[in-house]
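Here is the structure we will look at, set down as C-alpha cells.
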C-alpha cells in the first residue's frame, strides 16, 4: 500500500451553518454534492474535490471538544493573500500572518467557528517582502 495525498478532513460541529459560512465566505470553498447520509452535514469543495466534510451534531449527540484536539491544525496551500485579508477584515475574523524563516513562505493562521486552527500557505508574490512581525486583523 502507498499513500498519495490527504483526502479530506472531517469536522463535527454544533453550528453547521456558521461553519459552512466560514469555509465558504472566508476560505472561498464551495458547498457541493454530499451523499444522503442519515445525519446533517455538508461537503465543501476546492475545485472538484470535497476536502472538508462537516457533520452537523444535534441535541441528541454527545458533546465533542472544541478546537483541534491532538491535531494542532489543518493546512491548505493558497493564493491571493490580499483577498483573504480583506475578507477576514470585513467579516471580523482574526488572522495571524507569519513568515517561515529561511523560506519564501508566508502563512496565515485563523480559527473556524469550532476553534479549529486553519493554516494557509502562500508562496510567490504573496510571500514577497519581509515581514518579521506577527500581526492580527
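No value in this document is a laboratory result; all are computed from the given coordinates. Note that this is a predicted model, so its numbers are computed, not measured. Please note: Cβ atoms are built from the backbone with ideal geometry, for glycine as well, and neighbour counts cover all protein chains shown.
Once the Cα atoms of helix 81-91 and of the chain are each reduced to a long axis, what angle between those two axes, in degrees from 0 to 90 to the nearest 10, is obtained?
Orientation of helix 81-91: about 60 degrees from the principal axis.
Quick one: Debye curve from the C-alpha atoms of the chain, no solvent, what's log10 I(q)/I(0) at q = 0.22 Å⁻¹?
The calculated log intensity ratios at q = 0.22 Å⁻¹ are -1.45.
How much length, in nm to one decimal, is gained on full extension between residue 4 and residue 94, taken as 0.36 nm per residue of separation minus their Cα-Cα distance?
29.1 nm
Of all DSSP beta bridges in the stretch 58-137, what percent run antiparallel (nearest 5)?
Around 70 percent of the beta bridges assigned by DSSP in the stretch 58-137 are antiparallel ones.
Which whole-number percent gives the relative contact order of the stretch 21-137, counting Cα pairs below 8 Å spaced six or more residues apart?
This gives 22 percent for the stretch 21-137.
How much of the DSSP bridge set in the chain is antiparallel, in percent, rounded to the nearest 5?
If we restrict to bridges inside the chain, about 70 percent are antiparallel.
First measure r as the distance between the Cβ atoms of residue 73 and residue 30, then evaluate 1/(1 + (r/R0)^6) with R0 = 22 Å and state the FRET efficiency to the nearest 0.05.
E between residue 73 and residue 30, to the nearest 0.05, is 0.50.
Determine the calculated [θ] at 222 nm for the chain from helices alone, applying -39500 (n - 2.57) to every DSSP H run no shorter than 4 residues and normalising by the residue count; nearest 500 deg cm²/dmol.
The per-residue figure over the chain is -3500 deg cm²/dmol.
Fully extended, how many nm does the chain gain between residue 83 and residue 117 (0.36 nm per residue separation, minus their Cα-Cα distance)?
That works out to 10.3 nm of additional length.
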